[in-house]
Amino acid sequence: MIFRDFIDQLKTRGKLVEIQHPVSPEFEASRIAKQTKAPILFHDISGSKVIMNLLGSREELASMLGVPKEEIIRKLSEVSPEGEVKLVSDSPTLEVVEEEVDLTKLPILTHFEKDGAPYITAGIVVSEYEGSINASIHRLMLAGKDKLAARLVPPRHTYLLHKKAMEKGEPLPVAIVLGCDPAIIYATSTRVPVGKEFEYASALKGEAVELFECENGVKAPHSEIVLEGYIDPVERVDEGPFVDITGTYDLVRKEPVIRITRVIHRKDPVYHGILPAGPEHLLMMGVPYEPRIYRAVGEVTTVKNVVLTEGGCCYLHAVVQIEKQTEGDGKNAIMAAFAAHTSLKHVVVVDEDINIFDPNDVEFAIATRVKGDIDILTITNVRGSSLDPRGAPDGTTTKVGIDATKVLIEKENFERAVIPGE
């Protein structure tokens, strides 16, 4: 599936909102995307097409995977990163080649009032160095007509590849991919074995991912736009402020500069923008951790489903559904969830009769099945998320697990009334 195919599918299913009139890249597009939430295609942002909220709901993610929404986690937990990758000699991305770089021609968006500059938010940075390859989404701040500032988080793979090249005084070649197969977008947001992002995408798709070689030697997937360049081994600039998943501003840091040497793209390309702290950002950050929690909890009890909740920024709060076998299963599930996703702050464990996608049902479980002094587990002074505004300066926090499952020997006391035929 190419990027445009998925957009066409959304349109055919009546899921795509289209805006025909001109929209400003400064605040207006983001404001509309935040209000709309559904996939939205702008036909004229500075004369270009822009899509936002592309994978902004579990329904869109389920459509991409070809499964019902309730089966997403089961599907993802069963896929291993062992698909086929093919190197091809040509690509529709090469329809237009621009040797003279001017990034201001792209519809790069300014999202919030204190943004440090316009930001590329859906750019997959593909990097290669000494036989090692990585593909992952990074926020990229416009720093000049041919320059971007990249937030590289230690000790993740792009950071390590850049560090390795930097220690030898060499630039790190990269290809920044915008608008590719949604399975690839999802795969590059997922923690997989080193260098296996494209193999994982291929396994998700059930067919080989095709890559073509850019001028700087980096292999990239077919896409709407590719920015070819190098991460400078020396130059750094202030990056930020930028709004992260909690909807609050991240710190300003000195970050490496990417120098763009060539721009290639399809004719009339569709630019992909992710709204910071918007539904697509939350989903892409959170869902990849759900299979990890699912598998970990499955090692200690019978797990039925997992969700990282929207109210918890799809990152800090989880609800875990289990088929309770023995007393203590709930607390074991709590500890397994925290071990699987170290940024997790609060977790609630519930029974099979609780709809984990319904916050009211989860609250009902807490209200009727929790006794605070024995069912709430508090863990202090542990590593948390750097994105949590309430975290300590050293990165530690307090985590809370809530066992909202029935007491097995008293389960008849928790039976929920049912109206026949309801």
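The values are calculated or read from the model by the stated rules, or taken from the named source; none is laboratory data. As the structure is a prediction and not an experimental result, all values here were calculated from the model. All Cβ positions, glycine included, derive from the backbone under ideal geometry; neighbour counts span all protein chains shown. The protein model used for the area step is the full one, side chains on, heavy atoms only, and it has no ligands, DNA or RNA in it. Shrake-Rupley method; radii C 1.70, N 1.55, O 1.52, S 1.80 Å.
Tell me yes or no: at least one residue of region 249-260 is open to solvent by less than 30 Å² (accessible area, probe 1.4 Å), modelled with pLDDT of 95 or more, more than 25 Å from V218 (Cβ to Cβ) and in a loop (DSSP other than H, G, I, E, B).
From region 249-260, those open to solvent by less than 30 Å² (accessible area, probe 1.4 Å) are 250, 255-258, 260; that's our starting set.
In the following step, the residues that additionally are modelled with pLDDT of 95 or more were identified as 255-258, 260.
Okay, now just the ones that are also more than 25 Å from V218 (Cβ to Cβ), so none.
No, because not a single residue in region 249-260 is open to solvent by less than 30 Å² (accessible area, probe 1.4 Å), modelled with pLDDT of 95 or more, more than 25 Å from V218 (Cβ to Cβ) and in a loop (DSSP other than H, G, I, E, B).
On the basis of being farther than 22 Å from M52 by Cβ, in contact with a His (Cβ under 8 Å, 6 or more places away or on another chain) and among the aliphatic types (A, V, I, L, M), does A333 make the cut?
On the way: farther than 22 Å from M52 by Cβ: yes; in contact with a His (Cβ under 8 Å, 6 or more places away or on another chain): no; among the aliphatic types (A, V, I, L, M): yes.
So A333 does not fit the description; no.
The residues in region 31-78 that are touching a Pro at 6+ places or on another chain (Cβ under 8 Å), polar (S, T, N, Q) and open to solvent by less than 60 Å² (accessible area, probe 1.4 Å) can be counted, and the count is 4. How many residues does region 261-284 contain that are in a helix (DSSP H, G or I) and not aliphatic (A, V, I, L, M)? Qualifying residue count, region 261-284: 3. Filtered by the rule that a residue be under 21 Å from L55 (Cα atoms) and touching a Leu at 6+ places or on another chain (Cβ under 7 Å), region 221-244 gives P221, S223, E224, I225, D244.
Taken over region 312-362, the criterion of being open to solvent by 30 Å² or more (accessible area, probe 1.4 Å), among the polar types (S, T, N, Q) and assigned to a loop (DSSP other than H, G, I, E, B) is satisfied by Q325, T326, T342, N355.
From the list E199, E207, which one is assigned to a loop (DSSP other than H, G, I, E, B), of a type in the set (D, E) and open to solvent by 40 Å² or more (accessible area, probe 1.4 Å)? Spell out the reasoning first.
On the way: E199 fails: assigned to a loop (DSSP other than H, G, I, E, B).
Of E199, E207, the one residue that is assigned to a loop (DSSP other than H, G, I, E, B), of a type in the set (D, E) and open to solvent by 40 Å² or more (accessible area, probe 1.4 Å) is E207.
Of the set (1) surrounded by 15 or more Cβ atoms within 10 Å (Cβ to Cβ); (2) in contact with a Phe, Trp or Tyr (Cβ under 7 Å, 6 or more places away or on another chain), all apply to D90 but (1).
Taking every residue in region 399-422 that is closer than 22 Å to V347 by Cα and in a loop (DSSP other than H, G, I, E, B) and pairing it with any residue that is open to solvent by less than 100 Å² (accessible area, probe 1.4 Å) and acidic (D, E), at least 6 positions away or on another chain, the pairs with Cβ-Cβ distances below 7 Å are T405/D351; K406/D351. Take region 390-422 and flag every residue that is surrounded by 10 or more Cβ atoms within 10 Å (Cβ to Cβ), under 30 Å from V243 (Cβ atoms) and not aliphatic (A, V, I, L, M). Those that are surrounded by 10 or more Cβ atoms within 10 Å (Cβ to Cβ), under 30 Å from V243 (Cβ atoms) and not aliphatic (A, V, I, L, M): R390, G391, G395, T396, T397, T398, K399, G401.
Would you mind finding the one in G169, G179, G83 that is assigned to a loop (DSSP other than H, G, I, E, B) and either under 25 Å from L211 (Cβ atoms) or open to solvent by less than 40 Å² (accessible area, probe 1.4 Å) (or both)? Give the derivation first.
Working: G169 fails: either under 25 Å from L211 (Cβ atoms) or open to solvent by less than 40 Å² (accessible area, probe 1.4 Å) (or both); G179 fails: assigned to a loop (DSSP other than H, G, I, E, B).
Of G169, G179, G83, the one residue that is assigned to a loop (DSSP other than H, G, I, E, B) and either under 25 Å from L211 (Cβ atoms) or open to solvent by less than 40 Å² (accessible area, probe 1.4 Å) (or both) is G83.
Here V126 fits the description: assigned to a strand (DSSP E or B) and closer than 20 Å to H281 by Cα. Considering region 185-196, and only residues there that are open to solvent by 10 Å² or more (accessible area, probe 1.4 Å) and of a type outside the set (S, T, Y), the residue that is modelled with the lowest pLDDT turns out to be R191.
Among the conditions (1) outside any loop (DSSP other than H, G, I, E, B); (2) of a type in the set (S, T, N, Q); (3) touching a residue at least 60 places away in the same chain (Cβ under 8 Å), S385 misses just one, which is (1).
Please specify each residue of region 123-137 satisfying the condition of being under 14 Å from the mean Cα position of the chain (by Cα) and either without any contact (Cβ under 8 Å) to a residue 60 or more places away in the chain or under 14 Å from I225 (Cβ atoms) (or both). Steps first, answer last, please.
Residues of region 123-137 under 14 Å from the mean Cα position of the chain (by Cα): 123-125, 135-137.
G123, I124, V125 - these are the residues of region 123-137 that are under 14 Å from the mean Cα position of the chain (by Cα) and either without any contact (Cβ under 8 Å) to a residue 60 or more places away in the chain or under 14 Å from I225 (Cβ atoms) (or both).
Just one residue in the set G229, G298 is at pLDDT 95 or above and buried (at least 24 other Cβ atoms within 10 Å of the Cβ); that residue is G229.
Of everything listed in (1) open to solvent by less than 30 Å² (accessible area, probe 1.4 Å); (2) touching a strand residue (DSSP E or B) at 6+ places or on another chain (Cβ under 8 Å), the single unmet condition for R266 is (1). The C-beta contact set for region 30-49 (first residue among the small types (G, A, S), second residue crowded, with 19+ Cβ neighbours inside 10 Å and in a strand (DSSP E or B), distance under 7 angstrom, 6+ apart or interchain) comprises S30/L109; A33/I40; A33/M52; S48/Y271.
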